[in-house]
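Report on the following structure.
The values are calculated or read from the model by the stated rules, or taken from the named source; none is laboratory data. Computed from a prediction, not measured in an experiment: that's the story for all the values here. Counting neighbours? That spans all protein chains shown, and the Cβs are built from the backbone with ideal geometry, glycine included. We work out accessible area using only protein heavy atoms, side chains counted, and drop any ligands, DNA or RNA first. Shrake-Rupley method; radii C 1.70, N 1.55, O 1.52, S 1.80 Å.
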Amino acid sequence: MNAPAAPEIAELEEQERRLTLPRFTHDDAWTLGTLLVELARERDAPVAVDIRRGGQQLFHAALPGSTPDNDAWIDRKRRVVERYGCSSLLVGSRFRAKGTTFEDSSRLDPDTYAAHGGAFPLTVKNTGVIGTVVVSGLPQIEDHRLVVEALEKFLTA
């Protein structure tokens with residue numbers, strides 16, 4: 001089975017515009033986090049989920065099959081969102097579109113930063129990026145899509 005193709009840069013940018021939140025509270029973090037866990041359980045996905053607002057971790061879950069490595073990936077992908085203000089997949093895609101890679105051209109330590117899919121900015125309307133939601137444990141495109149699906153459901157609930 002072929003891995004899913006990466007979304008185009010325009011699609012990734014559109015996702016970020018569309019998935020802007022009206023607000024984001026501690027209770028919203030719980031709701032979004034449990035929604036992600038439910039979606040992952042439906043798929044038997046061995047993922048870890050992390051949600052932060054500012055420097056505070058508001059939600060974390062590690063499902064069966066996930067490992068401590070997933071937490072390390074979460075931290076590395078989250079740092080990319082915090083530094084660039086957009087999804088980790090979009091950052092990596094922009095470097096690839098320039099004919100290079102994040103690792104080769106960002107001048108950032110790859111042990112600290114990873115521009116791989118799965119970390120998404122939590123953007124509040126009229127405020128900007130206030131945090132991150134991250135999934136790790138699947139191939140990067142699937143991690144990204146799981147986060148996007150959860151945010152779409154969260155916004156329509």
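Equivalent ellipsoid of the chain: semi-axes from √(5λ) of the C-alpha gyration tensor, largest first, are 22, 18, 16 Å. Taking θ as phi - 60° and the Karplus parameters 6.51, -1.76 and 1.60, the scalar couplings of region 32-49 work out to 5, x, 5, 4, 4, 5, 4, 4, 5, 4, 4, 9, 6, 7, x, 10, 10, 10 Hz in sequence order, x denoting glycine and proline. Modelled spin labels at Thr31 and Arg83, positioned 7 Å past Cα toward Cβ, are 3.3 nm from each other.
Run the numbers on the chain and let me know its relative contact order in percent, using alpha-carbon pairs under 8 Å that are six or more apart. Display every interim value, and only then the final one.
On the way: 277 pairs, mean separation 44.5, N = 157.
Answer for the chain is 28 percent.
Probe of 1.4 angstrom, ligands and nucleic acids ignored: what's the accessible area per residue over the chain, in square angstrom?
Values: 8030 Å² over 157 residues.
Value returned for the chain: 51 Å² of accessible area per residue.
Within the accessible surface of region 87-157, defined with a 1.4 Å probe on protein heavy atoms only, the carbon and sulfur portion equals 47 percent. Which value in nm describes the separation of the simple spin-label points at Lys98 and Asp69, placed 7 Å from the Cα toward the beta carbon? Each label point is offset 7 Å from its Cα along the Cβ direction, giving 2.9 nm. Return the whole-Å distance between the Cα centroid of region 111-136 and the Cα centroid of region 1-38. If we compute the Cα centre of each part, the gap is 9 Å. For region 26-31, putting each phi into the Karplus relation 6.51 cos²θ - 1.76 cosθ + 1.60 with θ = phi - 60° gives couplings of 4, 5, 4, 4, 4, 4 Hz, in residue order, rounded to whole numbers and with x for Gly and Pro. Working note: 222 nm ellipticity from helices only, DSSP H runs with n ≥ 4, each -39,500 (n - 2.57), summed and divided by the residues of the chain, gives -15000 deg cm²/dmol to the nearest 500. With the gyration tensor restricted to C-alpha atoms of region 30-72, the semi-axes of the equivalent ellipsoid amount to 18, 14, 5 Å, longest first. Using a simple spin-label model with pseudo-atoms 7 Å out from Cα toward Cβ, Arg18 and Ser105 lie 2.7 nm apart. Shown for region 1-78: the carbon plus sulfur share of the solvent-accessible area, taken with all protein chains present and a 1.4 angstrom probe, equals 50%. Excluding same-chain neighbours fewer than eight residues apart, the lysines reachable from Lys125 by a Cα-Cα span under 25 Å are Lys77, Lys153.
Shape of region 1-87 from its Cα gyration tensor (a ≥ b ≥ c, root eigenvalues): rounded if a/c is under 1.5, otherwise prolate when a/b > b/c, or oblate?
On the way: a/c = 1.38, a/b = 1.05, b/c = 1.32.
Here region 1-87 falls in the rounded category.
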